[in-house]
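Some notes on the structure that comes next.
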Amino acid sequence: MAGFLQQIVVGLGAGAIYASLALALVLIYRFTGIVNFAQGELAMFSAYVAWQFMAVGVPFWAALVLALAVSFVGGMLIERVIIRPVEGAPELTVVIVTVGLFIFVNAVAGWIWSFLIKDFPNPFPSGAIEAGGLTVGFATLGVFVVVGVVMGLLYLLFQHTKIGLGMRAVSANPDSARLVGIRVGWTLALGWGLAATVGAVSGVLVAPLLFLEPNMMGGVLIYAFAAATLGGFDSPIGAVVGGLIVGVAETLAGAYVSAIGPDLKVGVPLVIILGVLLLRPQGLFGRAVVERA
C-alpha cells in the first residue's frame, strides 16, 4: 500500500508540471480560441533565457523574474506580429502558423545555444520529508507551491483587477467588449503575454528535472494537451485538475501495467485525449458549446 501511495505522490509532482503548461494552453485558448502548438517551445526558450542570465552571474530567482519579463514581452510581440495577421482566418491556417512557430523557435534556440545538453540548477533543496512510509522530495513540494502561487495570482488578476475583468470580457464576447470601450487588440496581446509567462514557469520547472536542450518540452507538451483536454480547454481549474490526473495515471500505468512500463507511458496521455474527445469533448470542467440553427 505504501508503494502505491508513493507512486501517487510521484504522479502528483509530475502532474503539477503538466498543469503549469496546460494553464498556458488554456489561457490562450480562452482569449483567442487558438490551440497554440508552440507553447512548449516558448516555455523551452524562456528556460534558456533564465539559464543565460544565470550564466552571467545573475542569481536564480532574479534570473527567473527577468526571464518572465522577457517571456511576457515576447508573447505580446508574437500576438501582434505573427498571430494578428491571421486573425479570423480558417482554423487550419492558424494551426499551421503555430506549428511553424514551433519549428522556428526550436531552430532559433538551437542556433543561439546549440543542441548540446546543458545542466540547469534546481532552486529547491535536494532533501525529502518522510512520513508514514512516504517520501516527498522538497523539489516536489516546491513545484506544488509554485503552481499554487501561479493559480492564486491568476485568480486575483481575473477576479479583482480591472485588467483581469477586461480580459474576461474579451474572452466572453469581443464585440460587446469593444462597444464598452475595451481595447480588444491590446487585451488579446496581454493574454498572449500572460500565457507565455505562465508557460515560462513550466519551462523553468522542467529544466532541472530534464537536461536543458531545445527538444526538452516535446513530451511535456503532449501531457499538457492531455491535461487541458481532460480538464476542459476553457477552464484554468480544469487544466490543473487534469494535469494532476494525467500525472497520476501515467505514473501508475508505468509502474503497475506490465504491457506499458516506463517506456510506453507516453501512450497514456494519447489514450486520455482520445477517450475524452469521444465521451466528453468539453472535458470535465469545460462548457459545452450550443449553436442555434
(message) Pull out all pairs, ordered by first then second residue, where Cβ-Cβ is under 6 Å, the residues are six or more apart or on different chains, the first lies in segment 9-32 and is among the basic types (K, R), and the second is open to solvent by 10 Å² or more (accessible area, probe 1.4 Å) and in a helix (DSSP H, G or I).
(response) R30/S171
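To keep it simple, each residue is scored yes or no on (1) open to solvent by less than 60 Å² (accessible area, probe 1.4 Å); (2) touching a residue at least 40 places away in the same chain (Cβ under 8 Å); (3) in contact with a strand residue (DSSP E or B) (Cβ under 7 Å, 6 or more places away or on another chain).
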{"position": "V58", "(1), (2), (3)": "yes, no, no"}
{"position": "A62", "(1), (2), (3)": "yes, no, no"}
{"position": "A67", "(1), (2), (3)": "yes, yes, no"}
{"position": "L77", "(1), (2), (3)": "no, no, no"}
{"position": "I96", "(1), (2), (3)": "no, no, no"}
{"position": "L101", "(1), (2), (3)": "yes, yes, no"}
(message) Can you pull out every residue in segment 210-221 that is open to solvent by 20 Å² or more (accessible area, probe 1.4 Å) and touching a Phe, Trp or Tyr at 6+ places or on another chain (Cβ under 9 Å)?
(response) L210, F211, E213, N215
(message) Please verify whether V49 is closer than 22 Å to Y223 by Cβ and assigned to a helix (DSSP H, G or I), treating the condition exactly as stated.
(response) no
(message) Can you find a residue that is outside any helix (DSSP H, G or I), touching a residue at least 24 places away in the same chain (Cβ under 8 Å) and open to solvent by less than 70 Å² (accessible area, probe 1.4 Å) anywhere in segment 193-200?
(response) no
(request) Evaluate the following for V220: is it modelled with pLDDT of 85 or more and under 21 Å from V105 (Cβ atoms)? (result) yes
(request) Would you confirm whether any residue within segment 237-256 is in a helix (DSSP H, G or I), open to solvent by less than 20 Å² (accessible area, probe 1.4 Å) and over 26 Å from G3 (Cβ atoms)? (result) yes
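The values are calculated or read from the model by the stated rules, or taken from the named source; none is laboratory data. Note that the structure is predicted; figures quoted are calculated from it, not measured. Don't worry about glycine lacking a Cβ; one is built from the backbone with ideal geometry, like all the others, and counts go over all protein chains shown. Heavy atoms of the whole protein, side chains included, go into the accessibility calculation; ligands, DNA and RNA do not. Shrake-Rupley method; radii C 1.70, N 1.55, O 1.52, S 1.80 Å.
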